[in-house]
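Written out below as structure tokens is the structure these notes cover.
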Amino acid sequence: MGRGERDAVARGMRLREAAQAVAGDHGRAVEAVRAALKPIQDAAVEQALDAIPVARLQEATGGRLRVAHVEKSGLRTVRQVLDAGPYRLRQIPGVGQRTVDQIVAAAQQLSEMVLETVAVHLDVDRPQPRTTALVRALHVLVEAGADARRAVDTAAALTRRLDPLLTDAGPAAGRLSMLVAGRAARARALEAVGQLRAVLAEADRAGTAELLAQASVDLLRGPSDDIAAWVDFELRSAEYYGLLAEISGRAPDTAAAEGFLPEDITARVRAQRLDDSRRRVSLRGYQAFGARFALAQRRVILGDEMGLGKTIQAIAALAHLAAAGDTHFMVVCPASVLVNWTREIEARSTLRALPLHGPDRQDAFADWKVRGGVGVTTFDALRGFPVPDGDGTGMLVVDEAHCVKNPLALRSQAVAQWADSSARVLFMTGTPMENRVGEFRSLVRMLDGEVADRLDDRDGMAGPVAFRKAVAPVYLRRNQQDVLTELPALQLTDEWEELSASDEDAYRDAVRAGNFMAMRRAAYRDPETSAKLCRLREIVREAGDNGQKTLVFSAFRDVLDTVRSALQGEPDRPAPVFGPLTGSVPPRQRQSVVDEFAGVAGPAVLLAQIQAAGVGLNIQAASVVVICEPQIKPTLEHQAVARAHRMGQVRPVRVHRLLTTGGVDERLVRMLERKTRLFDAYARRSEVAEATPDAVDVSDTELARRIVEEEQARLGLADALLPEPEPAAPDA
């Protein structure tokens with residue numbers, strides 16, 4: 001037994017000490033978060049209990065508990081009962097020991113229920129000492145990042161392997177120990193040293209010692225000051241809230257996080273390993289499940305509600321496949337988000353992102369074929385690229401996949417050809433059920449013909465539960481309210497205004513001409529007297545006074561031009577105006593405008609055509625949203641609101657929909673309410689029992705014609721001309 005054995009044991013002990021140090025540093029960082037969180041949670045629970053009347057205790061015990069004497073004594077709320085305690089309760093006339101025990105037990109049970117549901121919101125505009133302490137504690141873990149998490153997992157696995165080996169190799173640590181050890185102990189020691197050397201060689205190849213050392217340094221480093229911590233929180237709030245949910249044990253309900261899939265599918269997805277070595281960002285539990293779903297099921301639709309990080313889940317799946325040896329991937333998306341996709345891939349992973357767009361796209365495609373990476377292209381550009389042979393593409397990702405639901409469209413046919421030649425396919429869309437079940441079936445057919453064949457109108461007629469069960473092998477959807485408990489409040493307000501005299505004249509002219517699009521924007525024809533424009537100015541002015549940014553959506557370019565002129569003409573204009581973002585603005589320039597808008601230190605206004613900016617762009621800088629007129633498709637409004645109210649938003653979002661009474665707006669709202677409910681029943685998990693697939697579809701042309709006819713009749717203009725209404729918004 002020589003120096004080589006002793007050195008191996010010594011190196012093993014040092015590596016174990018480094019692993020234990022990382023585990024200790026991480027444990028202390030986690031405990032610091034819990035310690036900072038507890039007083040905030042306690043205060044939130046007390047506030048909630050202070051709003052619950054004592055009578056609720058009677059409900060909690062099935063009506064068996066008598067609380068009249070307690071209320072008469074002045075104890076009105078559950079919090080007051082808990083603060084009073086058993087001794088004071090026992091002093092209340094007419095309250096016996098058994099009643100006291102029941103009251104205290106019921107109050108404590110209610111307190112525990114409140115603790116399970118109370119959500120902690122960190123107000124970036126009103127930092128308090130308690131919330132600042134929590135943000136600083138979270139900052140340590142967020143700043144340490146995914147490498148620290150990987151180091152902690154590595155340290156745990158390494159400790160499990162090293163502990164028994166070092167125990168058995170103990171005699172080899174010294175000459176005397178080896179001499180006095182028995183023959184069996186010496187044999188075990190020699191065998192353990194051999195295994196220990198293999199573990200050390202593996203650790204050297206993986207750079208484990210360096211990973212552990214860097215993680216310890218990162219876990220001991222804090223922000224320079226409170227302001228730095230809050231600034232970082234505002235930039236990366238999604239990561240802060242994700243860690244907070246994980247540490248506090250407030251992860252979303254498992255069934256909701258797994259999209260209420262059947263057990264056989266969830267078991268297969270849970271068993272799917274997820275390699276994070278090529279990824280630069282940590283995932284939330286539901287996001288990791290989504291990435292595993294895409295890998296385990298191979299050809300799927302990820303239909304998460306907007307704002308839940310579908311892009312991150314796709315990148316996680318791509319990174320896993322790249323770590324496993326796949327080299328070529330393709331992302332197809334609308335032109336408006338091509339730049340965003342490229343940025344996200346480069347920022348969130350070590351993968352090479354290559355835009356295949358613009359005049360040099362064929363040269364870029366040739367480079368992609370040779371060198372690999374993630375090609376990012378548009379639906380139209382994809383048609384110009386030859387389809388790879390066999391399984392040449394490790395994964396095809398199609399963002400906003402509802403754009404290819406029409407199987408007769410050339411873009412749909414191109415996507416279908418690429419899907420056929422790809423080993424894995426991931427369709428992403430927050431609105432897969434815009435119209436009828438048949439259109440959703442066409443998406444499924446590109447992925448799995450057998451599932452598409454089983455999906456027929458009877459599934460739709462049986463209701464959303466049966467429908468979701470039929471498509472479970474290829475379809476996963478989660479909602480914000482189920483998995484993002486920390487998302488700030490969303491306040492939706494319909495701003496009903498009476499038409500001014502000039503608004504009314506413009507509206508009657510549009511109805512007389514049978515011009516549906518002119519009817520929708522008649523309220524903006526005369527800016528000086530426009531009731532809607534007056535209210536919009538007030539909203540923007542109020543937001544500016546509060547230092548908030550505003551996002552203004554309209555389907556019409558001329559309405560946005562009118563709004564821009566009105567806001568720029570405001571006396572003492574409080575905020576710069578950006579845009580409008582329209583379909584004619586190149587995608588890269590759209591992202592640049594959004595970046596400039598977000599970069600303004602104070603209030604600002606961004607004008608955007610809802611078709612151009614309601615999809616793909618992340619505009620969390622805005623906390624006030626104005627929709628200038630109701631949209632024909634309710635999903636357009638959902639998408640637009642989700643641009644601001646999404647993961648990463650740190651302020652409550654207020655949405656104002658500008659409406660006028662007695663005309664097209666009122667009829668649109670009423671007609672679309674039913675369409676929205678039907679969409680929700682199929683695209684979201686719902687309790688709606690029955691609906692026919694035909695009822696989900698109300699064609700834009702038919703809806704427009706119906707409203708024009710009804711308005712002509714209401715205004716006594718039934719003999720007016722009724723030209724063919726335009727089904728699409730202008731300047732899309």
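Summary table below
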| quantity | calculated |
| --- | --- |
| Alpha-carbon centroids, the stretch 518-534 and the stretch 229-297: separation in whole Å | 46 |
| Cα centroid of the stretch 1-80 to Cα centroid of the stretch 315-329, whole Å | 38 |
| The stretch 77-217: projected area of the alpha-carbon convex hull, averaged over directions, in nm² | 17.6 |
| In degrees, nearest ten, helix 226-235 long axis to first principal axis of the chain (Cα) | 60 |
| Relative packing of 371-379, 117-125, which averages over residues the other C-beta atoms within 10 Å, highest first | 371-379, 117-125 |
| Selection from Ala209, Leu115, Leu533, by position along the positive dipole direction of the chain (Cβ) | Ala209 |
| For the stretch 176-259, convex hull of alpha carbons as volume per residue, Å³ | 255 |
| Cα shape, the stretch 314-385, gyration tensor, a/c 1.5 rule | oblate |
| Within the accessible area of the stretch 58-191 (1.4 Å probe), percent carbon and sulfur | 51 |
| Amide H within-cut-off set for Ala353, under 5 Å, with H built and near neighbours excluded | Val374 |
| Carbon/sulfur fraction of accessible area - the stretch 499-649, other protein chains in place, 1.4 Å, % | 46 |
| Alpha carbon convex hull of the stretch 276-321, volume per residue in cubic angstrom | 67 |
| Helix 285-297 axis, angle to the chain major axis (alpha carbon atoms, nearest 10°) | 90 |
| Global geometry of the stretch 198-348, whether rounded, prolate or oblate, following the gyration tensor of its Cα atoms and the 1.5 cut on a/c | rounded |
| Between helix 208-220 and the chain: long-axis angle, C-alpha atoms, 0 to 90°, nearest 10 | 60 |
| Of all accessible heavy-atom area on the stretch 256-383, the percent that carbon and sulfur account for (1.4 Å) | 46 |
| Relative pair counts by distance (%), Cα atoms of the stretch 79-127, 10 Å bins | 23, 38, 20, 13, 7 |
| Anisotropy class of the chain from Cα gyration tensor, a/c 1.5 cut | oblate |
| Amide hydrogen neighbours beyond the local backbone of Val626, cut-off 5 Å, H modeled | Leu551, Val552, Phe553, His656 |
| Computed over the stretch 1-57, Kirkwood Rh from alpha-carbon pairs, angstrom | 15.7 |
| Dimensionless Rg over Rh [the stretch 559-653; C-alpha; Kirkwood] | 0.94 |
| Over the chain: helical MRE at 222 nm, DSSP H runs n ≥ 4 each giving -39500 (n - 2.57), nearest 500 | -18000 deg cm²/dmol |
| Average accessible area per residue (Å²) across the chain - probe 1.4 Å, nucleic acids and ligands excluded | 44 |
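The values are calculated or read from the model by the stated rules, or taken from the named source; none is laboratory data. All figures in this text were calculated on a predicted structure; none of them were measured in a lab. With ideal geometry, Cβ positions are generated from the backbone for all residues, glycine too; neighbour counts draw on all protein chains shown. We work out accessible area using only protein heavy atoms, side chains counted, and drop any ligands, DNA or RNA first. Shrake-Rupley method; radii C 1.70, N 1.55, O 1.52, S 1.80 Å.
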